[in-house]
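One structure below.
The values are calculated or read from the model by the stated rules, or taken from the named source; none is laboratory data. No experiment lies behind these values; they were computed from the predicted model shown. We place every Cβ from the backbone using ideal geometry, glycine too, and count neighbours over all the protein chains shown. When the accessible area is computed, the model is the full protein with side chains, heavy atoms only, and any ligands, DNA or RNA have been set aside. Shrake-Rupley method; radii C 1.70, N 1.55, O 1.52, S 1.80 Å.
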Amino acid sequence: MVDQEAIGTVSTELNGHILRCDPRFAELAGYSQGDLPGRIFLDLIVPEHRSACEEAYGRLTSGQASAVSLEKRLVRQDDMVLWVRLTATLQRDLDGRPLHVLTLVEDIDVRKTFEMKNSLSSGILRTKEERYRNAFQNCPDAVLITQMSDGIIVEANDAVMDVLGYRREDAIGRTSMELDIWADENNRQRLADALSETGSCRDLHIRLKKKDGAEFWGQVSASTTQIEDIPCVLAFIRDISAAKIAEEEIRNLAFYDPLTGLPNRRLLWERLRQALVASTRSGTKQALLFLDLDRFKSFNDTMGHHVGDLMLQETARRIASCLREVDTVARLGGDEFVVMLENLSEIPEVAAAQAKAVGAKILAALGRPYVLEGRECRSTSSMGITVFGNHNESTNEVLQQADIAMYQAKAAGRNTMRFFAPAFQSIVNARSALEEDLKEALKQNQFSLYYQPQVVRGLFHGAEALIRWQHPSRGMVAADDFVPLAEESGLILPLGDWVLQTACTQIAEWAGRPEGAHLRIAVNVSTREFRQSNFVANVVKTLERTGANPQNLVLELTESTLGDNVEEVVAKMNELRTLGVSFSLDDFGTGYTSLLSLKNLPLSQLKIDRTFVSEILSDPASSAIAQTIICLSQAMGFSVIAEGVETEEQRSFLSNLGCHAFQGFLFSRPLPLGQF
Ligand code: C2E
Ligand code: CA
Ligand code: CA
């Protein structure tokens, strides 16, 4: 995911001594890895650059800066000197105490040397010529120098062969268009625009083509420069396909059912959400078919799980064979499948007939005998259908309707289908009643905050604040039963204000007691709240009003909250972060964020979603995801916490993977303040 090949890492103690480093850094510095710990890191920097480094690292350790980035020269053990970029961050423990400094060391010698070439006098140039050429030739990235006037490549290194498949001699004298390296020619224009606007661009991820036509993901950095008074573009191209493939694999694990290869519940949810948006725009109807195999449980028990699995795989294939390309079939788990039909007629009755025809075809296909391991078996299924796209339904409502209809089909004697009937609308109507109750609850102050402890290496360290609703007639309502509704209706805004206000008041109160001063409270922030233009101002005001120390406040965001507008999100986060507020990414692994874009976010923690934790011992995909998240957080200098830890086995498994912060029933359920 993170391309670490060209980047070494080194951790130093606050006094500057090297704690540890990775092989790549040792290689850069020309030492063996074991020789470096104990040395003073800045002794590896050329003497004339040391004081600037000292000053920057000083700002970091004193807390004046959260990260520093410097381009300086490193002296290798063999006395060779190398330009490197140092990106250093202060690593803190979960209580915010400085632990050590993590520095990423990137070899930028080739690029830097070329940038400098322009400014160096030609005398120096000549004496260094050979050295430049060496660096240029040995650079693992393809390096191309192109004349700005006509786009002709005037110089290239040998890595052009590895990256693009052209011999250096064949690339020189031609243009990138002639070489046909752009999988999408618009990208060439994008690059040219970026260069003419700012003179440089960094780390663009674009699809490129090799000589043999094979496409790959390239990471392109380029800058304009003058070489012998001729305006040129210096471009570096790196093949990052491996990183992209790794990222895709994780997506596959997270969004597809490993048994059948079908989309899973998460992906269905996402597609359903998109379909709802699309249908309000286009006016066409969609249908959701909810399917459940009849008596699958007893089939599984008598035939064995292995045969049960084969049955589910065959079922998946048969359903898929009844559908069009645009339709989706997903496996929700167990023997439940959901089919989503898109672009049906605009007329509800016609759409219903279309859905019914597909449903009948599926039931017939599933009713045919199966031959599993040489034995003939029979099965039938029940199906609930709902047609949607007429008004503003939510994903929840639509699934619920299809589910209700499916139970009607079961009740009607199985091997049949039923449509969601308006008579069941009453169940849906209960929702609107709940919304009314919510409004009332806000006025009447029926909410309370529960606190669930977070434990780091066995020590109690803080808590997540979780809202509860004491409903006058229904008793305690769980957050999942009203928070989504509050989000849809906008009631989450006053509700979120109340939560933040209550949590901050608590922080301020604990601050007065010696045993409580270090405790941090994590507050969930929903998308709607975070997107408010006055979100930052609101948090600042609440901190001021309550006197809470911002260092003790953690805001939990989810991937979907981050959305597409990265710049705005980062700006908001940075504003709060400078005050001391930190951010945790909740439910991590379940969303759609590009892992590669994570490194741009000023986060301090990733929170492994509880669905992965609950399956960590039984499902290899879940444990692979958890492991990847832990590695990722280590690589990016984030801390990591697992939620929903219920058993000692899960805890020790996670701890062996390198995750030492936990939250879950194993330690404590969420508790009202008094018991907490
Ligand atoms: P979440 O942020 O993922 O919160 C963790 C949920 O996991 C909580 O459910 C908690 O009670 C539950 N949990 C904790 N330990 C375990 C465990 O060991 N096993 C299992 N199975 N579950 C565990 P809860 O309190 O019902 O909250 C559900 C969701 O509602 C939260 O998910 C969060 O998204 C939302 N929510 C709760 N309070 C607030 C709030 O104040 N504001 C906002 N915006 N959302 C909230
Ligand atoms: Ca949370
Ligand atoms: Ca969570």
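Tabulated values for the structure
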{"item": "Tensor-based shape of region 499-624 (alpha-carbon gyration tensor, a/c under 1.5 rounded, otherwise prolate or oblate)", "result": "oblate"}
{"item": "Local electrostatic count at Gly580 - Lys and Arg +1, Asp and Glu -1, tallied over other residues with Cβ under 12 Å", "result": "+2"}
{"item": "Cys21 - accessible surface, heavy atoms, 1.4 Å probe, Å² rounded to 10", "result": "20"}
{"item": "Tensor-based shape of region 469-549 (alpha-carbon gyration tensor, a/c under 1.5 rounded, otherwise prolate or oblate)", "result": "oblate"}
{"item": "Extension gain (nm, one decimal) between Ala478 and Leu671, 0.36 nm per residue minus Cα-Cα", "result": "68.2 nm"}
{"item": "Solvent exposure of region 519-581 as accessible area per residue, Å², 1.4 Å probe", "result": "46"}
{"item": "Order of exposure, largest accessible area first, which applies to Trp83, Trp469 with probe 1.4 Å", "result": "Trp83, Trp469"}
{"item": "Compactness relative to 2.2 N^0.38 Å, alpha carbon Rg of region 262-418", "result": "1.03"}
{"item": "Whether region 554-676 is rounded, prolate or oblate, judged on the alpha carbon gyration tensor where a/c under 1.5 counts as rounded", "result": "oblate"}
{"item": "Point-charge dipole on Cβ atoms (K/R +1, D/E -1) for the chain, about Cα centre, debye to 20", "result": "920"}
{"item": "Charge dipole (debye, nearest 20) of region 557-676; +1 at Cβ of Lys and Arg, -1 at Cβ of Asp and Glu", "result": "340"}
{"item": "Set of region 494-511 residues, backbone N closer than 14 Å to the point 7 Å along the Cα-Cβ line of Arg545", "result": "494-506"}
{"item": "Computed FRET value (nearest 0.05) for Thr647 with Ser394, which takes r as the C-beta separation and R₀ as 35 Å", "result": "0.55"}
{"item": "Selection of GluC sites (Glu not before Pro), region 512-599, meeting DSSP coil and at most 15 other Cβ within 10 Å", "result": "Glu515"}
{"item": "Entries of Lys72/Lys209; Lys209/Lys244; Lys297/Lys410; Lys541/Lys572; Lys244/Lys607; Lys72/Lys211 with Cα pairs more than 25 Å apart", "result": "Lys72/Lys209; Lys72/Lys211"}
{"item": "Cα-centre dipole for region 546-593 with unit charges at Cβ (Lys and Arg positive, Asp and Glu negative), debye to 20", "result": "240"}
{"item": "Radius 12 Å from Cβ of Val483, net charge of other residues (Lys, Arg +1; Asp, Glu -1)", "result": "-3"}
{"item": "Additional length obtainable on full extension of the chain from Leu99 to Asp79, 0.36 nm per residue less Cα span", "result": "4.1 nm"}
{"item": "Principal axes of region 22-109: Cα extent on each, largest first, Å", "result": "41, 27, 20"}
{"item": "Theoretical FRET efficiency, 1/(1+(r/R0)^6), r = Cβ-Cβ of Thr284 and Ala360, R0 30 Å, to 0.05", "result": "0.90"}
{"item": "Rounded to the nearest 10 Å², the accessible area of Lys599 at probe 1.4 Å", "result": "120"}
{"item": "Spread of Cα-to-Cα distances over 5 Å intervals beginning at zero, given as percent, for region 206-279", "result": "3, 12, 12, 12, 12, 14, 12, 8, 5, 4, 4, 2, 0"}
{"item": "Segment Gln470-Ile230, extension gain: residue separation times 0.36 nm, minus the distance between their alpha carbons", "result": "79.0 nm"}
{"item": "Quarter of Cα convex hull surface for region 175-246, i.e. mean projection, nm²", "result": "5.2"}
{"item": "Spin-label pair Met303/Arg202, simplified geometry with 7 Å Cα→Cβ offset, distance in nm", "result": "5.8"}
{"item": "Computed over the chain, the ratio Rg/Rh where both radii use C-alpha atoms and Rh is Kirkwood", "result": "1.02"}
{"item": "Helical contribution to [θ] at 222 nm, DSSP H n ≥ 4, -39,500 (n - 2.57), averaged over the chain, rounded to 500", "result": "-13500 deg cm²/dmol"}
{"item": "Nearest-10 value in Å² for the accessible area of Glu376, using the 1.4 Å probe", "result": "130"}
{"item": "Distance between region 435-505 and region 40-78 - C-alpha centres, whole angstrom", "result": "46"}
{"item": "Label-point gap, in nm, between Gln446 and Ala242 - each point 7 angstrom along Cα→Cβ", "result": "5.8"}
